[in-house]
Structures are given as C-alpha cells and as structure tokens.
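Scroll down for the structure; my scribbles are underneath it.
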Amino acid sequence: MNVFIRARFWAAFAVFFVGGILFAAETQFVYSGSQNYSLVERTDLRRYDNGKYVGLMSREARSFIVCDGGVYDGDFFVHQDTVHNQKIVVNGIHDSIRSVFKIAADGTLTMIQDNGYPSFRSFPAFPKEKIKQGESWKANAVRAVDPLGKGVATRIPIIVEYTYLRDEIFNGQEVYVLAARWASRYGYSYADPNGDQDLLCANGSNNATMYIRKTDCAALVVRDSVDELYEYSDGNKIAFKGTISLFTEYPPAVDTTRLFPAINRVAVADTGSGGTVASPGTGAGSSGKPKTSGDAGQEARPMNESKWLEKVRVVGSSNKPGESSVKIEKTAGGIRLTIQNLHFKPDSAELLPSEAALLDKIASILKETGSNKLLVNGHTASVGNPSGEMALSIERARAVASQLSKRGIDADKFICRGSGSSQPVADNSTKEGMAQNRRVEITILE
C-alpha cells in the first residue's frame, strides 16, 4: 500500500514539474519608453599597440535625451577622459554633440541625425515572439566606434545573441536580466563609407549583462566585457581589453518651489507695464509663499504653470520696446528661457556691456535650478552663410554660458549647442523677423 501511495505521489510530482516547465510564463518584450533620460557611457579599457601595453584608456560620455512625439533629441558630451593614465576631467562648459533618433517597439533604433552617438544602437532589440526564461534569440545591432579618438565614428553591424536569464529587483525596480554576446567582424565584406577610412578591419568578442526595466523595457544598466583588435592602413594594430558600462539615469524634475519665486522676484507682466506677477499658487507680490485654502493643512491647487509662465518676462535695466528680454515657457525638455534681442558686437560673440543687468537677473533664476543641467542653444538669422551662422550660434551660446558662469552658475551644468539659422521663429525677410530669430535659449533640463 505504501509503495502504491509513493508511486502515485512521484507520478503526480513529475506531472506537476514537467507541466511547470511546459507552461512556464512567457514574456513579450516591448519597448515603450517615453521619458527624458540621461545616458552615461563609461569606458575602462587597457590599450595595446602592436602587442605592447601602453596604458589605461578611460572615458565617460554623458548625454541628455529629450523624448518629444516619439523622436529622441540628444545632446552628448565627453565628461572625463583618461589617456595613457593622464586624467583630463572636463569640468567646464560642454559642447553638445547632437544626435536625433527613433526607437521602435522592438528596440530597433533608427538614426535621423548621426554624429557618432549613441555608441550602441538597437541594443537591446527584442523578438516578435514571447520568450521564456532560458530561451535565446538573435537580433541586428550597430556599434559606432572611434578607437583612436579622431572624431570620426565608424559604424560596425553586429548580430547579437540574447538570452533571458531571470527576473530580479534592481535598485528597487523590477527588471529582466539578459545576457548578450556577439563577435565583431569589420572590413571583410562591409566598410562604412562615412567612417574612418584608415581603419582596415576589426575583430572582437563581447559578452554583456543587461538589466531591463519591466515597465517599459528600457535598459537601466549594461555591463560589457570587451576584447577587440583594430588594424589600420599604416600597419598598426590597436587592441582593447576591459569593460564598457552603460547607465540610464532619469533627471530630477525642476524644483518649482524654488524656481518660481526666483522668477517672480525679477519678472514683469508681459504687457510692458512692469511690476511683479504672483507665482502660481501664491498670493500677490514676490514672497513665493503658497496660499492656503479654507481646509486646514491643505494648500490651494496652483494655477496652470504654463499659462503663468506665458504672462511673465524678464527685462534688463529698462523695459523699453526693442530692449533685450527673456520669455519663459514649458517645453518637452524642461522650462526654457528665451533671450530675445540680446545685443552682441556685430558679427561677433562678444556681449555688449549693456546686457549685464539682464544676465544678472537670469543668473539669479538659474541659481535655483539645483542639479538640473542647462542646455544653451544659440540661434542666428539667415544671411546666406549656413556654416558661418552655425559657428556664430555656438560661439554666442558659449559666450552666454561663460557670462553666467562668472555670475556663480557651475560651469559643469552647461551644455552648449548651436543651431545657426535652421530653426527660425519668424519671417527672416523682415528686420523685425530677423531680430526674433537672433536669440539664445536656455532650457532647464528635466
């Protein structure tokens, strides 16, 4: 009898166990990211020139990427570089390397404006089918590499094999843990026509572990073990061994409890009449203290922030028509201050002394932005010289950032971009329109 009972027990257990395997939970990976984010790429590689160790090559590239209508607009910059054990920390105003792209539901990344970043594209990419733990799939991806730091990115197509390892809690968030491995083969059947023409071929093997957030399949952390060899037309063979780590960070929201009172202290009503304007949810004046409702212990709901921002502007020492002023508005990237009619010396990035009062007021606002980065974007009117306009716009963005840094804003907060005349806001055929197109925008990124 006991033998019969034990036999039935083990038979039932076997059915349960096998059934659990056969009917294990399946997961559909779908990328649905829609937040602004910062991507950090940290590289720590040992470099060997023609087989001889020459030193540690470390680099930290950062970015701020704005998602607007399914399009990702990124500003990338190198934050720290270590070459041959000599560290260079870029603790100053950063020049933007702009990249624009889209990401599909399966993770496929399509570049719209490609300046070499992000370095990993379509990584990770997901299958159409549901996947069980332990199962694998393959997908195409692209690496953009610049081994010698020449400023010329070479795009290497790769085929990545992914394996769904397990589920975990990572930094308080539920994640899928994936393994990824691939081999790099470049120069044998494909060469990037826009890449480094001195790079003849490349070979390598990579093994990565990645943590994918369950809510939207965004890659929070990727740790890649690298072993790569690059051969150049001059006969040199450059090898790298070490790690590349990718981190996705989410910027803090702008602290409007500090920012809005700061704006309120220097703002005037956008009617030309002057006077301060009450912050949203505050009483009249510039105290910035929230007005409370009749219910004890509860604050009144603030009025719409965007509408309030539309009603204020910041002026310099006077409030006369044609003088420089600042318009403030909410955008997909954050709260933006647009400096209009800013006066420079003709065809120059040198600000006139008359702008000092306005810059003082802008600095007083930006001192209340906490850890948020500041994107400074210069624009020009069109005069038929696109390359010159682009150069002048970035120089003017740097000039404004430099002046604000001198007024106490941490230089490391600034990312400078030049857009030339590519983004007009008014008719460029009139004097008034050209004046509106000549502007500098400062976005408090969030």
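The values are calculated or read from the model by the stated rules, or taken from the named source; none is laboratory data. As the structure is a prediction and not an experimental result, all values here were calculated from the model. Cβ placement follows ideal geometry from the backbone for every residue including glycine, while neighbour counts extend to all protein chains displayed.
Each residue in the range 108-129 was checked for being in a loop (DSSP other than H, G, I, E, B) and over 18 Å from G33 (Cα atoms), and 6 pass.
For the range 414-432, name all the residues that are over 17 Å from H343 (Cβ atoms), among the basic types (K, R) and either surrounded by fewer than 16 Cβ atoms within 10 Å (Cβ to Cβ) or at pLDDT below 95 (or both). Spell out how you get there, then give the answer.
Just the residues of the range 414-432 that are over 17 Å from H343 (Cβ atoms), to begin with: 414-430.
From the residues that got through so far, the ones that are among the basic types (K, R) too are 417.
Once the filter is applied, which keeps residues that are over 17 Å from H343 (Cβ atoms), among the basic types (K, R) and either surrounded by fewer than 16 Cβ atoms within 10 Å (Cβ to Cβ) or at pLDDT below 95 (or both), the range 414-432 yields nothing.
Just one of the listed residues (A399, A363, A435) is at pLDDT below 95 and either assigned by TED's automatic domain parsing to the domain that holds L309 or buried (at least 19 other Cβ atoms within 10 Å of the Cβ) (or both), and it is A435.
In contact (Cβ under 8 Å) with a residue 60 or more places away in the chain and surrounded by fewer than 18 Cβ atoms within 10 Å (Cβ to Cβ), is that true of Y250? Break it down stepwise before answering.
Working: in contact (Cβ under 8 Å) with a residue 60 or more places away in the chain: yes; surrounded by fewer than 18 Cβ atoms within 10 Å (Cβ to Cβ): yes.
It is true that Y250 is in contact (Cβ under 8 Å) with a residue 60 or more places away in the chain and surrounded by fewer than 18 Cβ atoms within 10 Å (Cβ to Cβ).
Any chance the range 34-47 includes a residue that's modelled with pLDDT of 60 or more, farther than 30 Å from Q133 by Cβ, surrounded by 15 or more Cβ atoms within 10 Å (Cβ to Cβ) and in contact with a His (Cβ under 6 Å, 6 or more places away or on another chain)? So far as the range 34-47 goes, no, none of its residues is modelled with pLDDT of 60 or more, farther than 30 Å from Q133 by Cβ, surrounded by 15 or more Cβ atoms within 10 Å (Cβ to Cβ) and in contact with a His (Cβ under 6 Å, 6 or more places away or on another chain).
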